[in-house]
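Here, each number is a calculation from the coordinates, and none is a lab measurement. Small disclaimer: the values here were computed from a predicted structure and weren't measured. For neighbour counting, all protein chains shown are included, and Cβ atoms are generated from backbone atoms with ideal geometry for every residue, glycine included.
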Amino acid sequence: MSSLLEKIKSPVDLRRLSSKEFPLLAREIRRTIIDTVAVTGGHLAPCLGVVELTLALHYVFNTPEDKLIWDVGHQCYAHKLITGRADKFHTLRQYKGLSGFPKQEESIYDTFDTGHSSTSISAGLGISTAKQLKGDPHKTIAVIGDGSMTGGMAFEGLNQAGGLGSDLIVILNDNEMSISPNVGAMSSFLSRKLTGKSMKRIKRDMETFLKSFPHVGENILQLLKKSEESLKGFLTPGTLFEALKFEYVGPIPGHNVEIMIKTLENVRDYGKGPVLVHILTTKGKGYLPAEKKPGSYHGVGPFDIASGSPLPSPATPVSYTSAFGNSLVSLAEQDPRIVAITAAMPAGTGLSRFAELFPDRFFDVGIAEQHAVTFAAGLATEGILPVVAIYSTFMQRALDQVIHDVCLPNLPVTFALDRSGVVGDDGPTHHGVFDLAFLRFIPNLIIMAPMDENELQHMLYTAVFYPGPAAVRYCRGKGMGVKLDREYIKLEYGKGEVLCRGTDILLLPVGNRVYPALEAAEGLERLGISAAVINPRFVKPLDADLICKWAADTGRVLTIEENCRKGGFGSAVLELLSSRNILVPTRLLAISDRFIEHGSQDVLRKICKIDSAAITSAAMEMVGH
């Protein structure tokens, strides 16, 4: 017997179903998502939470003519399954397979490429406005989570949409979670202490009470019904959105397809003007382990479905993220001035233990990287030593604040850039391959990149007590398994170290490319090529004397970095050699001028030609071997 999902090749097929068939289809979709993610890994809990919402949206609206934008996009698996990609779903997040995020080149149903939060309303407003200019009557719908609503950009979009009176529909998917539990006043405002059910109870009790007064009570009741929106505004988040000139609808139950369909049909037919529909959902819906611990199942690796436990894997060294978190806890125990700041990623950045041990010195600011940086700057002016832990790809959002609020006044703020380099299966929106380029040009900022987890702890120590802004960038995943020193060492600013002496070529790898370079040097030695290897440690300032001496002595330089070639570490070396008039053949191994797709880190490093084999091959070509 064929399943309902097998019959859905596009939303056109979905619209042929009766609403009574939707619960069965929702169960099939959830089972497909769970079965697939258990093998491939991916974003589980957010996708399970929006299955009914996805069905209702595609049923009511005429996609793809009506445009649907998913904020962040990590909740789009059900969307992909019913828009013609079910047969490819097993390739999810695999190299050359389906992306884990909406991607315009993948499907006409993917309206906008997403991956970072709080962008959907702005994008939707742009699309809606363009349709108005062209005389296109189709609708634009932006789906945004309550976690993404903590990002200021969402309110910038709401503000303009309300001011323009745009024909934009915003769906607020409220599950009380981003990746970790939401924080801040907005989260409290959107809390469901007062749900749709309790709202109905209040109205019912009030009606019963007033009807007990003949004639007078009926008149008062009619007056109150005319003022119902005012009452609702005091008891729900409607006040805020209506102040922004949105028609507010909700909150409504997000797992009842029939109610959602009726609500969305009414909203669709409202006419012109912005509307916000507040929907209540459960993150992880339909899979008990994910419902109980949605944060733990936001993004997962392969797991056992029956138990929910990760599949067993060989023992691995401590991750760079854990090494950072453990080191920061140790430093904070020694110095009460140290505080930690993150933007809705306490677990992802390794700060969960810090938060438990030092709750008064830990600050999760929500999805607000710009605010995180300037907040840290304010702390630093009062003698506090803030450490801002943010993924490299998300730090892109706060570049102005890094320049203007931290580096210009030369404040002692430490930036811990996790997930630098290629991150793997999440793809181009999450690769941290631009940070060296967008940080290197900023005055006053020093930049370090550790070759292993032991050097990371020394760099963190060096950065925290540096009398100005400092950045430490490190990769995703396991460390090298080296022994960790018990005592921290303050590194000499701008000084590298010679790891391997040689006469034919100088290998200059930065950060996690040091060990592959050492491996390549060993292989080259067996081929009769003598390669020197320097660990620069500092991308800025460079150890100019050390690098120039060895460049001149060997006569050839090969730089290696897991960063974009343009403006990165290799560019800095070229600038240095040029300034010293050292004209030697120099080649840069780095990420070329393109966006890198999703795939495992090892596969991507091979494709980008920055692994040990590529280093060996490039060195042989330069030496003429």
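A few points about this structure:
- Exposure rule at most 14 other beta-carbon atoms within 10 Å, DSSP loop GluC sites (Glu not before Pro): the chain longest free segment: 106-381
- Taken about its Cα centre, segment 349-410 carries a charge dipole of about 140 debye when Lys and Arg each add +1 at the Cβ and Asp and Glu each add -1 at the Cβ.
- Inter-label distance, residue 399 to residue 337: 3.1 nm, where each label sits 7 Å from its Cα along the C-beta direction.
- Theoretical gain in end-to-end length, residue 490 to residue 549 [0.36 nm per residue, Cα-Cα removed]: 18.8 nm
- Look at (1) 165; (2) 188; (3) 251: the one that is volume of the Cα convex hull per residue in Å³ derived from this structure is (2).
- For segment 293-446, relative contact order (Cα pairs under 8 Å, six or more residues apart, normalised by length) works out to 18 percent.
- Of the residues 10, 610, 109, the one whose Cα sits farthest toward the positive end of the charge dipole of the chain, with +1 on the Cβ of Lys and Arg and -1 on the Cβ of Asp and Glu, is 10.
- Helix 216-226 and the longest principal axis of the C-alpha atoms of the chain enclose an angle of approximately 40°.
- Length added when fully stretched, residue 613-residue 95, from 0.36 nm per residue minus Cα-Cα: 184.5 nm
- Full extension of the chain segment joining residue 108 with residue 410 gains 104.0 nm, where the gain is 0.36 nm per residue of separation less the Cα-Cα distance.
- Under 5 Å between amide hydrogens, built in the peptide plane, is the criterion, and for residue 420 it picks out 392, 474, 475, 476 among residues at least 5 positions away or on other chains.
- Built amide H within the under 5 Å cut-off of residue 273, gap 5+: 167, 168
- Overall, the anisotropy analysis places segment 320-475 in the rounded class: the square-rooted eigenvalues a ≥ b ≥ c of its C-alpha gyration tensor yield a/c less than 1.5.
- Each residue of segment 388-402 was assigned a 3J(HN,Hα) from its phi angle through the Karplus expression (A = 6.51, B = -1.76, C = 1.60, θ = phi - 60°), giving 9, 9, 9, 4, 3, 5, 7, 5, 4, 6, 10, 4, 4, 5, 4 Hz with x at Gly and Pro.
- Taking amide H atoms as placed 1.01 Å from N in the peptide plane, the amide H of residue 431 lies under 5 Å from those of 423, each 5 or more residues away in sequence or on another chain.
- The phi torsions of segment 612-625, fed into the Karplus equation with coefficients 6.51, -1.76 and 1.60 and a -60° offset, translate into couplings of 4, 4, 5, 5, 4, 4, 5, 5, 4, 4, 5, 7, x, 8 Hz, rounded to whole numbers, with Gly and Pro shown as x.
- Couplings 3J(HN,Hα) for segment 323-332, derived from phi with the Karplus relation 6.51 cos²θ - 1.76 cosθ + 1.60 (θ = phi - 60°), are 4, 4, x, 5, 5, 5, 4, 4, 5, 5 Hz, where x marks Gly and Pro.
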